Amino acid sequence: MPKLNSPAELEELRQETLAKRDPNKPCITLCSGTGCHAYGSEKVNAAFAEEIKKQGLEGEIDIRRTGCHGFCERGTLVVIYPKEICYTNVQPEDAAEVVQSVKESKVVDRLLYTDPVTGEKITYELEIPFYANQQRTIFGPNRRIDPQNIEDYLALGGYRALAKALTQMTPEAVLEEVKRSNLRGRGGGGFSTGRKWEATRDAPGEPKYVIVNCDEGDPGAYMNRALMEGNPHSVLEGLAIGAYAIGSHEGFIYVRAEYPLAVENVGIAIRQAEEYGLLGENIFGSGFDFKVKVHRGAGAFVSGESSALMTAIEGKVGEPRPKYIHTSEKGIWDGPSCLNNVETWANVPLIINNGAAWFDSIGSERNTGTKIFSLVGKVNNTGLVEVPLGTSLRHIIYNIGGGIPGGKKFKVVQTGGPSGGCIPEQFLDSPIDFDELTKLGSMMGSGGMIVMDEDTCMVDTARYFLDFLSDESCGKCTPCREGIRQMLGILTDICEGRSKEGDIELLEELAEVVKDTSLCALGGTAPNPILTTLRYFRDEYKAHIEQKKCPAFVCKELTSYYIDPAKCEACMICLRNCPTGAIDGGKGKIHVVDQSKCTKCGTCFDICPDRFNAVVRISGEPVPPPPSEEERVIVRVEK
Amino acid sequence: MVTVELDKVDEIIDGYVGEEGILIQLLLDIQSELNWIPKEALERISERLKIPVSQIYRIASFYKAMSLTPRGKHIINVCLGTACHVRGGQRIMDRAKELLGIKEGETTPDMKFTLERVNCLGCCALGPVVVVDGEYHGKVAPAKVEKTLKSYD
């Protein structure tokens, strides 16, 4: 491939690519993100390839493996172009029928999405409410692009923004445009991206570095991975534009060790961009040079903190350092460094192409643009959701997410990862943006949104996050290392029935100290899970402490399983499924849980048929004694 | 440690000589090649790249992706990300611990299984998730853990 030396050559290549492609030719696209991969999309892909061969349709039907579409609940997702007919939960066995239907221009009804409310079948991808209720500006191209083929990105107008920036705009003009868009960092803090760029640009010293933070460590958040795996060129293009504005010629992409596909795809993307002259020396004949390197993380949550991440890029232990000198002045190898989140960088080409005014018109006051959230937990439609900032939680959870499964009641939504907090029901109509979330005691974080229902214990949730943070604290500063451990100890005592009066107050005191005195944001925000659950669910803490009762029946040490003799029909289902053999009984003999053998795994409760509902959870009160042997005999009356 | 393995370590080091800030990437490569990082490998890196062993050890012991003890034939990863946690991931972990008789991060004495916790694999729709040797098992219930583990022999 000869290098592209000018924007005209880029456009020429785009036209050539489009001319080569027949827009009416059928194409089976398969989502190949990590979610669908886990469902077995590899096998589905192989089945399609084989079927096309078998039916002699090679050359007539294309297959494209795209990035993540976001509707992970229904993987493997298959979309048939040109009409964009969407099939969900596709299995390898379905391949023959689907290929046949493509050949005959028909639709396989049984694989279509059924709207759970209306019961109607929905044929086209974008008409499914999950998609129809979103605004997918950054994430939209994912479903049209094979991330390992740069031509797909170019065909959609890729690298036009870079061409425009390098040949029609000065670095100052690019910077101004980004500043006027009011784009805020998508990694958590929501700091103004333009101002961050400017600080690095103005800092004395050479060379300057630009960095993509793809160390997406928040559990339950995976939008960065979906972008990095599914559309790596959009991130690279944004990074190159940023580098031009800042005056940097060297970029790093820091990817988490747990994301091997992202490492692979971004590596391929860099090589292809270099081949086309979109990275490297004298890009588009503008005289601007820029090269990018990938750095794999090695499994440390704290390394996502900006100064820690930069230390890790230097090949050292990724621990944070005090930031009285900002990393924008002294970052990697003491050079001025600008670090932004994956999603932040991916917004940049859109701003350059469409203008700051366009971007500023999306979203709410001081919170412009869209944001991708990963909607997970106790929600019907698990997946990635992109909406304008300022959208209400209710819209996201109910209109897009389809509500809570199993007829359960919504309890809280947890945002912001381990540094964030839990937002209860009364705030469901609050607009979700950086400022509003902070007001509610939580934060944006990278965009994880974990829905929890009535079966979730708030003390256990706080304990879960503190356990995570205690494990991930690097131990460099004392308040974080020791404070988190002490708070975790108290929370564990509360969950396990060893709590005492005054524990809540002690937790609050510790939380204040850890918050105020820790070195980096990991410790500084570590008390948030405790503080927000205390703010909204203090009664639940009190029930654990005063009555040794877990109202959600989650804390094992405070919960017992008991079979109600009046309801047990001696069906033997729980008895057979109990993994520890703790259930005694037999045919016609009412079952009894041997409390000494029970490990409280809850299998019996889950498995007892709804028509009996004989297994009862008990907390905060003694378990009734088992019935006597005579009382356990069921006498069935013949009808 | 056998010579073959040291040769592999040497080969990996060869690919990095003369570059800056490579220690983490180098150790990751050794980890993925040998499935753990033996003491001899640390010493070899130190000798060849003139970096003190203490510095290499500090990195190898800091990061979760690096193991300084040999790992089992099958690696079990129980996801305890928030989404899996609210769907009962801990009950799965507890059951696996009971069955194998080991704690998180440990390997069974017969070197068959290593039990590890992972804080989110990002396939939350399938939660609770258990991954064995890269193979995903979704919507796992405590009663299913035994059967799943038995399928790896």
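The values are calculated or read from the model by the stated rules, or taken from the named source; none is laboratory data. The structure displayed is predicted, hence computed values, not measured ones. A quick note on method: Cβ atoms are made from the backbone with ideal geometry, for glycine too, and the neighbour counts reach across all protein chains shown.
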Let me spell it out: the conditions are (1) over 17 Å from the mean Cα position of the chain (by Cα); (2) farther than 30 Å from A:ASP453 by Cα, and B:HIS85 meets all of them except one. Which number is the exception? (2)
Take A:GLU216 and tell me if it is out of contact with any Pro (no Cβ under 9 Å at 6 or more places or on another chain), surrounded by fewer than 22 Cβ atoms within 10 Å (Cβ to Cβ), not β-branched (Val, Ile, Thr) and not assigned by TED's automatic domain parsing to the domain that holds A:LEU13. no
In the stretch A:145-158, is there at least one residue being in a loop (DSSP other than H, G, I, E, B), surrounded by fewer than 23 Cβ atoms within 10 Å (Cβ to Cβ), in contact with a Pro (Cβ under 7 Å, 6 or more places away or on another chain) and assigned by TED's automatic domain parsing to the domain that holds A:ILE241? yes
With the checklist (1) surrounded by fewer than 24 Cβ atoms within 10 Å (Cβ to Cβ); (2) farther than 16 Å from A:VAL235 by Cβ; (3) in contact (Cβ under 8 Å) with a residue 12 or more places away in the chain in hand, flag the one item A:ASN353 doesn't pass. (2)
I need a count of the residues in the stretch A:281-318 that are under 26 Å from the mean Cα position of the chain (by Cα), charged (D, E, K, R) and more than 8 Å from chain B (Cβ to nearest Cβ). 2
Note: among B:HIS85, B:HIS74, just one is out of contact with any Cys (no Cβ under 8 Å at 6 or more places or on another chain) and either buried (at least 20 other Cβ atoms within 10 Å of the Cβ) or within 23 Å of A:GLU319 (Cα to Cα) (or both), namely B:HIS85
From the set of residues in the stretch B:77-104 that are assigned to a loop (DSSP other than H, G, I, E, B) and within 27 Å of A:CYS72 (Cα to Cα), which is nearest to the other protein chains (Cβ to nearest Cβ)? B:GLY81
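Matching residues to (1) buried (at least 21 other Cβ atoms within 10 Å of the Cβ); (2) out of contact with any His (no Cβ under 8 Å at 6 or more places or on another chain); (3) charged (D, E, K, R):
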| position | (1), (2), (3) |
| --- | --- |
| A:GLY403 | no, yes, no |
| A:VAL413 | yes, yes, no |
| A:SER419 | yes, yes, no |
| A:CYS422 | yes, yes, no |
| A:LEU437 | yes, yes, no |
| A:SER446 | yes, yes, no |
| A:GLU454 | no, yes, yes |
| A:ARG481 | no, yes, yes |
| A:LEU491 | yes, yes, no |
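Looking at this structure, is A:GLY448 among the small types (Gly, Ala, Ser), assigned by TED's automatic domain parsing to the domain that holds A:ILE404, within 19 Å of A:ARG538 (Cα to Cα) and in contact with a Ser or Thr (Cβ under 9 Å, 6 or more places away or on another chain)? Outline the logic, then answer.
Numbers: among the small types (Gly, Ala, Ser): yes; assigned by TED's automatic domain parsing to the domain that holds A:ILE404: yes; within 19 Å of A:ARG538 (Cα to Cα): no; in contact with a Ser or Thr (Cβ under 9 Å, 6 or more places away or on another chain): yes.
So A:GLY448 does not fit the description; no.
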Every residue from the stretch B:1-57 that is polar (S, T, N, Q), within 12 Å of another protein chain (Cβ to nearest Cβ) and more than 22 Å from B:ARG71 (Cα to Cα): B:SER54, B:GLN55
Looking at B:LEU68, B:LEU115 in this structure, which one is surrounded by fewer than 23 Cβ atoms within 10 Å (Cβ to Cβ) and more than 8 Å from every other protein chain (Cβ to nearest Cβ)? B:LEU68
Six or more apart or on different chains, Cβ atoms under 6 Å: show the pairs whose first residue is in the stretch A:562-590 and touching a residue at least 24 places away in the same chain (Cβ under 8 Å) and whose second is surrounded by fewer than 16 Cβ atoms within 10 Å (Cβ to Cβ) and assigned to a strand (DSSP E or B). A:TYR562/A:ILE618
Any hit, the stretch A:328-345, residues being without any contact (Cβ under 8 Å) to a residue 12 or more places away in the chain, surrounded by fewer than 24 Cβ atoms within 10 Å (Cβ to Cβ) and of a type in the set (Ser, Thr, Tyr): no
Yes or no: the stretch A:63-75 includes at least one residue that is farther than 20 Å from A:LEU261 by Cβ, away from chain B (no Cβ under 14 Å) and buried (at least 16 other Cβ atoms within 10 Å of the Cβ). no
For the stretch A:1-57, which helices (runs of 4 or more DSSP H) that fit wholly inside it have 1 or more residues that are touching a strand residue (DSSP E or B) at 6+ places or on another chain (Cβ under 9 Å)? A:34-39, A:41-54
Leading residue by the ranking (farthest from the other protein chains (Cβ to nearest Cβ)) among those in the stretch A:443-474 that are hydrophobic (A, V, I, L, M, F, W, C) and within 19 Å of A:GLY402 (Cα to Cα): A:MET449
Working only within the stretch A:392-427, note down all residues that are touching a Pro at 6+ places or on another chain (Cβ under 7 Å) and assigned to a loop (DSSP other than H, G, I, E, B). A:GLY402
Go through the stretch B:31-55 and give me each residue that's in a loop (DSSP other than H, G, I, E, B) and farther than 18 Å from B:GLY18 by Cα. B:ASN35, B:TRP36, B:ILE37, B:PRO38
Considering only the stretch B:137-152, state which residues are facing chain A (nearest Cβ under 9 Å) and assigned to a helix (DSSP H, G or I). B:PRO142, B:ALA143, B:VAL145, B:GLU146
Name the pairs: first residue in the stretch B:26-45 and at positive phi, second residue surrounded by fewer than 21 Cβ atoms within 10 Å (Cβ to Cβ) and not hydroxyl-bearing (Ser, Thr, Tyr), Cβ to Cβ under 9 Å, at least 6 apart or on different chains? B:ASN35/B:PRO70; B:ASN35/B:ARG71; B:ASN35/B:ILE75
Restricting to strands (runs of 3 or more DSSP E) lying wholly in the stretch A:537-639: which have 2 or more residues that are over 27 Å from A:VAL459 (Cα atoms) and either modelled with pLDDT of 90 or more or within 14 Å of chain B (Cβ to nearest Cβ) (or both)? A:583-586, A:589-593
Tell me which of these A:PRO418 doesn't satisfy, since it passes every other one: (1) farther than 18 Å from A:ASP453 by Cα; (2) more than 14 Å from the chain's Cα centre (by Cα); (3) at pLDDT below 95. (2)
Restricting to the stretch A:189-203, give me the number of residues that are within 22 Å of A:TRP333 (Cα to Cα), surrounded by fewer than 18 Cβ atoms within 10 Å (Cβ to Cβ) and either at pLDDT below 95 or among the polar types (S, T, N, Q) (or both). 0
Can you tell me which residue within the stretch A:422-439, out of those that are aliphatic (A, V, I, L, M) and touching a residue at least 40 places away in the same chain (Cβ under 8 Å), is nearest to A:THR525 (Cα to Cα)? A:ILE423
Selection from the stretch A:241-280 of residues that are assigned to a helix (DSSP H, G or I), of a type in the set (D, E, K, R) and either within 14 Å of chain B (Cβ to nearest Cβ) or surrounded by 21 or more Cβ atoms within 10 Å (Cβ to Cβ) (or both): A:GLU264
If I go through the stretch A:204-240 residue by residue, how many of them are within 22 Å of the chain's Cα centre (by Cα) and outside any strand (DSSP E or B)? 24
